[in-house]
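These notes concern the structure reproduced below.
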Amino acid sequence: MRAKCIQTALFVCLFTLSLAAHSRADEKGPADTVNGFYDVYIKVKPLGIPDAAKLAKLSPFLTPGLVSLLTEADVTEQKYKEETKGEVPPLVEGDIFTSLFEGADAFLVGKCEEKDNTAECVVGFSNTNPGDGKTFKWKDSVQLEKTDKGWLISDVNYKGDWDFAVKGTLTGMLKRLNSEEPGE
């Protein structure tokens, strides 16, 4: 009887350890989220503020707060377009998810550092000019938060150091845009 109890207890312990290990193996890390996001980004090519259709494809990788800022920015852009009858450029032109106006056509997620429920991943980008075939390379970093849905992107830190590179952060740019009245 005692051997049977020990055998049952051992089975329960091994089963529990197996479940815990399996659960950790299934959990995606910050790099997985960043890879998933930029895989979709490369396909969607969202220049300027993404419209609702493009945002729907990108949003599974983004925090609700960032999705909200992007949605509000799209509304601001639409109001501005209506006010100006589409006769002027949009408020935001070019890529907003990297520091290069033209955006990236390739990426490689580098080192990701986790601290508590946040992470930062360095991402190497490149853009090849179709005219001359020259490739421009740079790095930005992506901020993530660990949520009940896993790791989600909360911001992009623009790290471009060339003239006319986008500077600051994605959320900073969106907050400035959303606080202004279109047409000001």
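Computed from the coordinates by the stated procedures, all read-outs in this text should not be read as laboratory data. Only a predicted model underlies this, so the values are computations on that prediction, with no experimental measurement involved. Here Cβ is always computed from backbone atoms with ideal geometry, including for glycine, and neighbour counts include all displayed protein chains.
Here are a few things to note about the model shown:
- Leading residue at positive end of dipole, region 26-179 (Cβ point charges), from Val156, Pro89, Val109: Pro89
- Stretchable slack from Asp39 to Glu113, in nm (0.36 nm times residue separation minus alpha-carbon distance): 24.6 nm
- Scaled radius of gyration (Cα, divided by 2.2 N^0.38 Å) that region 26-179 gives: 1.04
- Among residues other than Lys175 with Cβ under 14 Å from its Cβ, the summed charge is -2 (Lys and Arg +1, Asp and Glu -1).
- Charge context of Asp95, other residues only, Cβ under 13 angstrom, K/R +1, D/E -1: -2
- Entries in Lys79/Lys159; Lys28/Lys79; Lys57/Lys146; Lys79/Lys146; Lys81/Lys137 that, when Cα-Cα distance is taken, lie over 28 Å: Lys79/Lys159; Lys28/Lys79; Lys79/Lys146; Lys81/Lys137
- Stokes-Einstein, applied to the Kirkwood radius of region 91-184 over Cα pairs at a viscosity of 0.692 mPa s and 37 °C, places its translational diffusion at 225 µm² s⁻¹.
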